[in-house]
1. Can you pull out every residue in the range B:1-30 that is of a type in the set (A, V, I, L, M) and either in contact with a His (Cβ under 9 Å, 6 or more places away or on another chain) or in a strand (DSSP E or B) (or both)?
2. For the range A:43-62, indicate whether the set of residues that are touching a helix residue (DSSP H, G or I) at 6+ places or on another chain (Cβ under 6 Å), at pLDDT 95 or above and surrounded by 17 or more Cβ atoms within 10 Å (Cβ to Cβ) is non-empty.
3. Of the numbered conditions (1) closer than 30 Å to A:E1 by Cα; (2) in a loop (DSSP other than H, G, I, E, B), B:Y33 fails exactly one; give the number of that condition.
4. Go through (1) surrounded by 13 or more Cβ atoms within 10 Å (Cβ to Cβ); (2) under 26 Å from B:T5 (Cβ atoms) for A:E81 and report which single condition fails.
5. What about A:P112, is it more than 14 Å from every other protein chain (Cβ to nearest Cβ), closer than 23 Å to A:R12 by Cβ and not hydrophobic (A, V, I, L, M, F, W, C)?
6. Taking B:S93 as the residue in question, decide whether it is without any contact (Cβ under 8 Å) to a residue 60 or more places away in the chain, surrounded by 13 or more Cβ atoms within 10 Å (Cβ to Cβ), among the hydroxyl-bearing types (S, T, Y) and in contact with a strand residue (DSSP E or B) (Cβ under 8 Å, 6 or more places away or on another chain).
7. Check off (1) within 14 Å of chain A (Cβ to nearest Cβ); (2) out of contact with any helix residue (DSSP H, G or I) (no Cβ under 7 Å at 6 or more places or on another chain) for B:A19 and give me the number that stays unchecked.
8. Tell me which residues, restricted to the range A:1-41, are among the polar types (S, T, N, Q), at pLDDT 95 or above and either out of contact with any Phe, Trp or Tyr (no Cβ under 9 Å at 6 or more places or on another chain) or crowded, with 21+ Cβ neighbours inside 10 Å (or both).
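The values are calculated or read from the model by the stated rules, or taken from the named source; none is laboratory data. This is a predicted model, so every value here is computed, not measured. We place every Cβ from the backbone using ideal geometry, glycine too, and count neighbours over all the protein chains shown.
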Amino acid sequence: EDQVTQSPEALRLQEGESSSLNCSYTVSGLRGLFWYRQDPGKGPEFLFTLYSAGEEKEKERLKATLTKKESFLHITAPKPEDSATYLCAVQASSGGSYIPTFGRGTSLIVHP
Amino acid sequence: EAGVTQSPTHLIKTRGQQATLRCSPISGHTSVYWYQQALGLGLQFLLWYDEGEERNRGNFPPRFSGRQFPNYSSELNVNALELEDSALYLCASRPEGTDHNEQFFGPGTRLTVL
C-alpha cells in the first residue's frame, strides 16, 4: 500500500526565516510526486511534479527536491503570503488509475 | 484558460437527505476525480471518471455515486446523508494522455449535514 507521511504537521516561521518541509513516501514504483498548496477552505493549487531521484524544480521562493525515499520543499526567505497548508502526493507507476495518495499536509504560518 | 469549476460553493442539508454536487473540468481534460476532505483529515479519494465511465472508486459506501456527462462535466450524488459526510468535496481534472499526471483542483463544495 502506498504511504505518504509529511512532517512537521505544523510549522511557524518568522518572515525571512528559511526552512524545509519533508515528505516521506513508500510506493510500488514512482510515477510522480506532486506538491500542492492549499489555502483554508479552498482547493489545492498545483505547484510541482517530480519524476525521478535527483530532480529539482523551483518557483519563486519554493524549491522541491526528490530522493528515492523522500521529497523536500524548501522555502527561502518566506513571506506571510506563503502561509498555507502544503500537500504532498505520490502516484504509483503500477496500474493505470493515476490516483495519487496524499499526505495530511504541513500547515505553514509565516509571521511578519 | 478557465480552471475547474464546482457548484454550489456551500450546501446545507439534513440527515437522510440527498446532495448533488457538480463539477466542470478544464477544457480538454477528460478525467474527473472526486475527493472528500473532512476537517483535520487528508484528501480521501472517492471516484474517478474518464470518457463517461466510472474507472475506480475509493473505500466509500455505495450511497456515494456519480456520473460523467458527454461534455466531461461530472456530478457527485450522496444519498441518505449522515453527519459525518460533512466535509469539503473537491473535484479535480487531468488531461488526456499518460504524460500528464498532475491533477488540477476546483475550489470545492462545502457540504454541511445537520
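1. Step one: filter the range B:1-30 for residues of a type in the set (A, V, I, L, M), giving B:2, B:4, B:11-12, B:19, B:21, B:26.
Those that are of a type in the set (A, V, I, L, M) and either in contact with a His (Cβ under 9 Å, 6 or more places away or on another chain) or in a strand (DSSP E or B) (or both): B:V4, B:L11, B:I12, B:A19, B:L21.
2. First, the residues of the range A:43-62 that are touching a helix residue (DSSP H, G or I) at 6+ places or on another chain (Cβ under 6 Å): none.
Checking the range A:43-62: not a single residue is touching a helix residue (DSSP H, G or I) at 6+ places or on another chain (Cβ under 6 Å), at pLDDT 95 or above and surrounded by 17 or more Cβ atoms within 10 Å (Cβ to Cβ).
3. Every condition holds for B:Y33 apart from (2).
4. Checking A:E81 against (1) surrounded by 13 or more Cβ atoms within 10 Å (Cβ to Cβ); (2) under 26 Å from B:T5 (Cβ atoms), the one that fails is (1).
5. Values: more than 14 Å from every other protein chain (Cβ to nearest Cβ): yes; closer than 23 Å to A:R12 by Cβ: yes; not hydrophobic (A, V, I, L, M, F, W, C): yes.
So A:P112 fits the description; yes.
6. On the way: without any contact (Cβ under 8 Å) to a residue 60 or more places away in the chain: no; surrounded by 13 or more Cβ atoms within 10 Å (Cβ to Cβ): yes; among the hydroxyl-bearing types (S, T, Y): yes; in contact with a strand residue (DSSP E or B) (Cβ under 8 Å, 6 or more places away or on another chain): yes.
So B:S93 fails the test.
7. That leaves (1) as the condition not met.
8. Initial filter on the range A:1-41 (among the polar types (S, T, N, Q)): A:3, A:5-7, A:14, A:18-20, A:22, A:24, A:26, A:28, A:38.
Now restrict to residues that are at pLDDT 95 or above: A:5-7, A:14, A:18-20, A:22, A:24, A:38.
Correct list: A:Q6, A:S7, A:Q14, A:S18, A:S19, A:S24, A:Q38.
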